[in-house]
1. Once you have a ≥ b ≥ c as the square roots of the Cα gyration tensor eigenvalues for segment 187-264, tell me rounded if a/c is under 1.5, and otherwise prolate or oblate according to whether a/b is larger than b/c.
2. With +1 on each Lys and Arg Cβ and -1 on each Asp and Glu Cβ, and nothing else charged, work out how big the dipole of the chain is about its Cα centre, in Debye to the nearest 20.
3. In whole Hz, with x marking every Gly and Pro, tabulate ³J(HN,Hα) for segment 269-275 from phi via Karplus 6.51 cos²θ - 1.76 cosθ + 1.60, θ = phi - 60°.
4. Using the Karplus equation 6.51 cos²θ - 1.76 cosθ + 1.60 (θ = phi - 60°), what ³J(HN,Hα) coupling, rounded to whole Hz, does each residue of segment 181-193 give in order, writing x for Gly and Pro?
5. Does segment 1-83 classify as rounded, prolate or oblate by the C-alpha gyration tensor (a ≥ b ≥ c root eigenvalues; a/c under 1.5 gives rounded; else a/b over b/c gives prolate, otherwise oblate)?
6. State the Cα centre-to-centre distance between segment 226-282 and segment 53-79 in whole Å.
7. With a Förster radius of 41 Å, plug the Cβ-Cβ distance of Lys151 and Arg108 into 1/(1 + (r/R0)^6) and report the FRET value to the nearest 0.05.
8. With unit charges on the beta carbon (Lys/Arg positive, Asp/Glu negative), name the residue among Leu57, Gly46, Leu69 whose Cα is farthest towards the positive pole of the charge dipole of segment 42-106.
Amino acid sequence: MEIELITTGTELLLGRVLNTHQQWLGQRFAVSGYTISRQVTVPDTGQAIREAVQTALGRSRLVITTGGLGPTSDDITRELIADLLARPLCRDDSIASHIESFFERRNRPMPESVLVQAQVPKGAAVFPNEHGTAPGLAIEVSPNTFHESGKPAWLLMLPGPPRELRPMVDDQGLPFIKKHLPLEQAFHCRTLRSLGIGESMVEEMLLGQLKPLMDRGLDLGFCARTGQVDIRLSGSGPEIPSLIAEAEATIRAAIDKQIYGTDDETIEQVVVGRLIDHRRDLGRRRVVHRRFARAPHHQRARCVSHLRWRHADVQQRDEADTARRERVNLWRSTAR
């Protein structure tokens, strides 16, 4: 299934704001078995948005847009798509009521202009926004006049702010997609994360051994980072899990000492976790690295708590040893 992501926002292209949507949505969809085929970022101009959506509908079963649903003058995605699909905008009273309540709960005056967000293209499904005012929208494009076969497609419009988009995708967007665009075959993915070995060396050591599995449908990919290489094993179909397990066993037999984690694990998480598990004294062994600061807060908190306990324990034993030596020295001096 072809899935295309269109992120809108001139601020993204100017580098003023980091585009985190592609990474987060890609990960979230992959976990559910869907893979995003293409991603494009366009400015907040009518022609650019219109052309991007029209082109995407001409080749994809699912098109997702982010941003452009708010109340300001540069939020034009909703109106442009309604015009492109010849869907008149109609006021949704439930959305208008939600927007009014949103401002009332915060004791803030409500500009009348924000009620533009209650305008919904005819026939669109609405995703209420529990963390903001702009709802998400889903439209079935049927027949799809932009595709040569006329095969129906779905168009999802999501709000731009991550704090609004992410819970909406998890709670409403993905369940909606699974219902209306169920997968024919499940997608499976496993990533092995290695350290201290180059990408070319990894490929040279593994490619020949994994070629038979690739011929049976396994996808193999490498992603190099500074000092690290990710080895991605993926594919769709009922036989893929066994192929992934066989490939992982082959890889671990070849470079197990270089593999530090799997999937989304980071080196910081793994190091901190192992230090906690083994109760090592970080202060004495001098293995604290500045990257420790990027580990998740809960792991840092546990590690710091352990270090304080270890420090108190060592300090208590040192004090006991000192007292014992003083008693021995006193006994020796009196014995003379």
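Derivation of every value follows stated rules applied to the coordinates shown; laboratory data play no part. Predicted model, so just to flag it, every value in this text is computed and none were measured. Counting neighbours? That spans all protein chains shown, and the Cβs are built from the backbone with ideal geometry, glycine included.
1. prolate
2. Using Cβ point charges on Lys, Arg, Asp and Glu, the chain gives about 2220 debye.
3. 4, 5, 4, 4, x, 5, 5
4. 10, x, 6, 6, 9, 6, 9, 10, 8, 9, 10, 9, 10
5. oblate
6. Here the two parts' Cα centres lie 38 Å apart.
7. Rounded to the nearest 0.05, the efficiency is 0.35.
8. Leu57
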